[in-house]
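Just so it is clear, none of the values below were taken in a lab; they were calculated from the coordinates. On a predicted model such as this, the values are computed, not experimentally measured, just so you know. All Cβ positions, even for glycine, are placed from backbone atoms using ideal geometry, and neighbour counts span all protein chains on display.
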Amino acid sequence: MGTIYPGRYTAQMEGTIVVFIIGVRVNRLLSVHKWLPVVRAMGPMLQELYKNPDLGFLHSTYHFNLRGVTLVQYWRSVEQLEHYARHGQQHLTAWRDFHRKVGSNPTVGVFHETYVVPERGYESVYNNMPVYGLAQAGEHVPVSGRTDTARQRMERL
């Protein structure tokens, strides 16, 4: 679970960041043979990314729901994200397998959304939490008088 940090903290990042949301939606729950391999393909991709920090990947969190799993990922740049999508061995394998085994079969869906967040274009606060989300991708720092409000956190740089 991680150490709980009592009090208020925020995340601090330098420069523009990319937030990439990617997920799997199970459309037919009983077709486990179709959607389980898609879900399982995420693990090897994350292992590859964490082992190679030069790829530009910063951190990811998993979020489960009744119909699937969503990952929120933080990247240094769109260019590095695109490079991984086109050249990452685990991603290419998973993408090819998905198109070969699932294709346009409506049993399982995949989605992604990409957001480019400029410096000073975000704010965060974590109350009585372990280091989480953007704070894991960047720096986890206590909220101070200069960063007490959301507006102050967005203007802090």
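Can you give the helix-only mean residue ellipticity at 222 nm for the chain, where every DSSP H stretch with n ≥ 4 adds -39500 (n - 2.57) and the sum goes over all residues, rounded to the nearest 500 deg cm²/dmol?
Calculated mean residue ellipticity at 222 nm is -9000 deg cm²/dmol.
Considering Cα pairs under 8 angstrom that are at least six residues apart, work out the relative contact order of the range 17-117 and quote it in whole percent.
Taking the mean separation of contacting Cα pairs over the length of the range 17-117, I get 49 percent.
Just to check I understand the Karplus step: with θ = phi - 60° and J = 6.51 cos²θ - 1.76 cosθ + 1.60, what whole-Hz values come out for the range 134-146, glycine and proline as x?
Listing the rounded values in order: 4, 5, 6, 6, x, 10, 9, 10, x, 6, 10, x, 7 Hz.
Given +1 on the Cβ of Lys and Arg, -1 on the Cβ of Asp and Glu, and no further charges, what dipole in debye does the range 17-117 carry about its Cα centre, rounded to the nearest 20?
That gives a dipole near 500 debye.
Taking amide H atoms as placed 1.01 Å from N in the peptide plane, list the residues 5 or more away in sequence, or in a different chain, whose amide H sits under 5 Å from that of Val108.
Correct list: Asn27.
How would you classify the range 114-157 from its alpha-carbon gyration tensor, with a ≥ b ≥ c the square roots of the eigenvalues: rounded for a/c under 1.5, else prolate if a/b is greater than b/c, otherwise oblate? Don't skip to the answer; put the middle values down first.
Details: a/c = 2.07, a/b = 1.07, b/c = 1.95.
Because a/c hits 1.5 or more and a/b fails to exceed b/c, the range 114-157 counts as oblate.
When the Karplus curve 6.51 cos²θ - 1.76 cosθ + 1.60 is applied with θ = phi - 60°, which whole-Hz ³J(HN,Hα) does each residue of the range 68-76 get, with x for Gly and Pro?
Here the 3J(HN,Hα) series is x, 9, 10, 10, 9, 10, 10, 10, 6 Hz.
Between Gly103, Thr10, Trp75, whose Cα lies farthest towards the positive end of the dipole of the chain when Lys and Arg beta carbons carry +1 and Asp and Glu beta carbons carry -1, centred on the Cα centre?
Value computed over the given set: Gly103.
Quick check on the chain: take the gyration tensor over C-alpha atoms, sort the square-rooted eigenvalues as a ≥ b ≥ c, and tell me if it's rounded (a/c under 1.5), prolate or oblate. The partial results should precede the final answer.
Values: a/c = 2.49, a/b = 1.85, b/c = 1.35.
Prolate, because a/c is 1.5 or more and a/b exceeds b/c.
Shape call for the range 1-88 from the C-alpha gyration tensor, a ≥ b ≥ c root eigenvalues: rounded (a/c under 1.5), prolate (a/b greater than b/c) or oblate?
Oblate.
Take Phe57, Phe98 and order them by how many other Cβ atoms sit within 10 Å, fewest up front.
Listed from fewest to most nearby Cβ atoms, that is Phe98, Phe57.
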